[in-house]
Amino acid sequence: GQLYGDVLYFATEAQAGWSHSDPRPLYFWGYFVGLNGLWVLVPGLLLLDACHQLAIAQRGHDRPRHKAH
């Protein structure tokens with residue numbers, strides 16, 4: 001949900017021609033892109049980690065089991 005909101009936030013601002021952001025480079029790249037980018041980076045990394053952990057768990061579950069006689 002967080003990533004969806006971030007994409008909408010950046011996409012609507014881009015569609016508006018960046019008219020709601022300050023055109024000064026420090027503000028635009030530092031605050032608008034940099035600080036708001038953290039809200040994309042952190043959930044993205046957590047999502048990748050979760051997918052990795054799920055893949056490990058699934059491989060362990062799919063491994064054939066040998067019956068002990």
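Observations on the model:
- Note on Tyr31: accessible area is roughly 120 Å² with a 1.4 Å probe, heavy atoms of protein only.
- Angle between the chain longest axis and helix 36-62 axis [Cα atoms, degrees, rounded to 10]: 10
- Semi-axis lengths, Å, the chain, gyration tensor of Cα atoms, sqrt of 5 times eigenvalues: 44, 12, 6
- Neighbour net charge for Gly30 - beta-carbon separation under 13 angstrom, K R +1, D E -1: 0
- Residues of segment 1-18 with amide N under 14 Å of a point placed 7 Å along Cα→Cβ from Phe28: 13-18
- Report summary: the helix-based calculation at 222 nm, which adds -39500 (n - 2.57) for every DSSP H run with n ≥ 4 and divides by the residues of the chain, gives -20500 deg cm²/dmol.
- Checking every one of the trypsin sites (Lys or Arg not before Pro) in segment 26-69 against DSSP loop status and a limit of 13 other Cβ atoms within 10 Å picks out Arg65, Lys67.
The values are calculated or read from the model by the stated rules, or taken from the named source; none is laboratory data. Quick caveat, the model's predicted, so the values are computed rather than measured. Counting neighbours? That spans all protein chains shown, and the Cβs are built from the backbone with ideal geometry, glycine included. Remember, those area values only see protein heavy atoms, side chains included, never the ligands or the DNA or RNA. Shrake-Rupley method; radii C 1.70, N 1.55, O 1.52, S 1.80 Å.
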